[in-house]
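None of the figures in this text is laboratory data; all of them are computed from the coordinates on show. All of these numbers come straight from a predicted model, not from anything done at the bench. Note: ideal-geometry Cβ built from the backbone for every residue, glycine included; neighbour counts use all protein chains shown.
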Amino acid sequence: MEFVTCEYVVERIDGDYAMLRRLDEPETEEKMVARALLPAEIAEGTKLLYEFMQYSILS
C-alpha cells in the first residue's frame, strides 16, 4: 500500500468548504475539502501537509 504525502495551500474558504491547491502541481484543479477535515485554525494562505489521510498545518 502506498501512502500519499502532499503539500497544499488554502486558496479560499467558502462556508463549510476550503479550496486547496497542490504546491507541487499548481496547474491542477483546486480540491474542495470539507472544513471539518481540516485544522480549525486555517485561513486563506495557510499551508497544509496531507499525510496518513490527515491534514496538518505546515509551519
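Between ASP14 and LEU49, full extension at 0.36 nm per residue minus the direct alpha carbon distance yields a gain of 10.6 nm. If only the Cβ of Lys and Arg carry +1 and only the Cβ of Asp and Glu carry -1, the dipole of the chain around its Cα centre is close to 180 debye. Scalar couplings 3J(HN,Hα) for segment 29-37, obtained by applying the Karplus form with A = 6.51, B = -1.76, C = 1.60 to θ = phi - 60°, are 5, 5, 10, 8, 10, 5, 4, 4, 8 Hz; x denotes Gly and Pro. Scanning residues 5 or more positions from THR46 or on other chains, those with amide H under 5 Å from its amide H are VAL10, with H placed 1.01 Å from N in the peptide plane. Remark: segment 13-28, residue by residue, has Karplus-estimated 3J(HN,Hα) of 10, 10, x, 8, 10, 10, 9, 10, 10, 5, 6, 8, 9, x, 7, 6 Hz, where x stands for each Gly or Pro and the curve is 6.51 cos²θ - 1.76 cosθ + 1.60 at θ = phi - 60°. Rounded to the nearest whole Hz, the Karplus-based 3J(HN,Hα) values (6.51 cos²θ - 1.76 cosθ + 1.60, θ = phi - 60°) of segment 44-59 follow the sequence 4, x, 5, 9, 10, 10, 10, 7, 6, 6, 9, 9, 9, 7, 7, 8, with x at glycine and proline. Consider the candidate values (1) 21; (2) 27; (3) 14; state which one is percent of Cα pairs over 19 Å apart computed from the structure displayed. The value computed from this structure is option (1).
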